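**Q** My questions will all concern the structure given below.
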């Protein structure tokens, strides 16, 4: 899952939102130094990633990518899943999407002092450019994935991966709509925060 899902599966508090995104910024961070609420959010982030990465349907979808791109299939699916979450928000959550995203932004900005520098700068950029609302079209997903590909420090075949998503879009969308409620139930049942 990417940022929209991690934030939406968190509790409505600053430490939870920070912890639920912190999992992507742990380089150089000692988890033992985190406050209990932030650490619980981090644990929730890890649960979400573990559930997603080991879910049989997700594993099968990663296998459908070409060998040259399969290494990055998990990243591509994470971003695509945020796109589907954005598009189908009203069938998965009762609070309006725009209102929820604005609350996510407020919590992230308020939690800047709890974040490592790289995360704080990335979250400021996210809010400044309203990146959580940039998931409306598959074209935007492709642009986001190409930007991620450009940040990878070694030669890779990740760029253009949206070409492999487009022909399977409807299958992936239908599968996501079955998968995401299962993820919501797993987070609720675990009760980590």
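The values are calculated or read from the model by the stated rules, or taken from the named source; none is laboratory data. Not measured: the values here are computed from a predicted model. FYI the Cβ positions are ideal-geometry reconstructions off the backbone, even for glycines, and counts take in every protein chain you see.
**Q** With respect to residue 157, is the statement that it is modelled with pLDDT under 95 and either outside any helix (DSSP H, G or I) or loosely packed, with under 15 Cβ neighbours inside 10 Å (or both) true?
**A** On the way: modelled with pLDDT under 95: yes; either outside any helix (DSSP H, G or I) or loosely packed, with under 15 Cβ neighbours inside 10 Å (or both): yes.
Yes: the conditions hold for residue 157.
**Q** Consider residue 185 carefully, then state whether it is touching a residue at least 60 places away in the same chain (Cβ under 8 Å), surrounded by fewer than 15 Cβ atoms within 10 Å (Cβ to Cβ) and part of a helix (DSSP H, G or I).
**A** no
**Q** Tell me which residues, restricted to region 91-123, are more than 30 Å from residue 28 (Cα to Cα) and under 18 Å from the mean Cα position of the chain (by Cα).
**A** Of everything in region 91-123, those that are more than 30 Å from residue 28 (Cα to Cα) and under 18 Å from the mean Cα position of the chain (by Cα) turn out to be 92, 93, 97, 98, 100.
**Q** Another question, then. Within region 122-132, which residues are in a helix (DSSP H, G or I) and surrounded by fewer than 16 Cβ atoms within 10 Å (Cβ to Cβ)?
**A** 124, 125, 128
**Q** If the requirement is being under 16 Å from the mean Cα position of the chain (by Cα), surrounded by 17 or more Cβ atoms within 10 Å (Cβ to Cβ), at pLDDT below 90 and within 23 Å of residue 48 (Cα to Cα), which of these qualifies: 135, 180?
**A** Selected residue: 135, the only one of 135, 180 that is under 16 Å from the mean Cα position of the chain (by Cα), surrounded by 17 or more Cβ atoms within 10 Å (Cβ to Cβ), at pLDDT below 90 and within 23 Å of residue 48 (Cα to Cα).
**Q** Among the listed residues 173, 139, identify the single one that is free of Cβ contacts under 8 Å to residues at least 60 places away in the same chain and part of a helix (DSSP H, G or I).
**A** Just one listed residue meets the conditions, 139.
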